[in-house]
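The values are calculated or read from the model by the stated rules, or taken from the named source; none is laboratory data. Here the structure is a predicted model, which means the values were calculated and not measured. Note that each Cβ is placed from the backbone with ideal geometry, even for glycine, and that neighbours are counted across all protein chains shown. Side chains included, ligands, DNA and RNA excluded: accessible areas come from the protein's heavy atoms. Shrake-Rupley method; radii C 1.70, N 1.55, O 1.52, S 1.80 Å.
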Amino acid sequence: MLRSLDRRPVTGGKEDPRVTELRTAVARLRRELAAHPAEFTDRAIAEDELAALAAMTTHGTPELPRLRRSLLLIAGSIGSVSALATGLSQVRTAVDLFGEQPRN
């Protein structure tokens, strides 16, 4: 049975909305990257890191240093592909949700 990458079965428990947002943003960027016709040198790196981010969203709350590392690798890999800029920005925004709360 195939399941969409950005959907999880309902288990009755509450899921962290940050994880949901990250999963959605990652799934969207993965689809955009898969549909992008041009090949570029670091495409495989971006695909691998997006897969790693997707996997992190299935196991509770991801660790912030690992999220930021993946984001950096993805940005470095596809940062010059303007057609993917919006999707990349959405992933960055979702990763930023895991950041430390600002001090008052």
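Taking region 35-67, which residues are without any contact (Cβ under 8 Å) to a residue 12 or more places away in the chain, over 21 Å from ASP96 (Cα atoms) and of a type outside the set (Asp, Glu)?
Within region 35-67, ALA35, PRO37, THR41, ALA44 qualify.
Looking only at region 68-100, which residues are open to solvent by 60 Å² or more (accessible area, probe 1.4 Å) and touching a Ser or Thr at 6+ places or on another chain (Cβ under 9 Å)?
Scanning region 68-100 gives a single hit, GLN90.
So which residues in region 1-35 are open to solvent by 100 Å² or more (accessible area, probe 1.4 Å), at pLDDT 90 or above and part of a loop (DSSP other than H, G, I, E, B), if there are any at all?
Within region 1-35, none qualify.
Restricted to region 58-67, and to residues that are under 17 Å from THR24 (Cα atoms) and either out of contact with any Asp or Glu (no Cβ under 6 Å at 6 or more places or on another chain) or not β-branched (Val, Ile, Thr) (or both), which residue is surrounded by the fewest Cβ atoms within 10 Å (Cβ to Cβ)?
Here the answer is HIS59.
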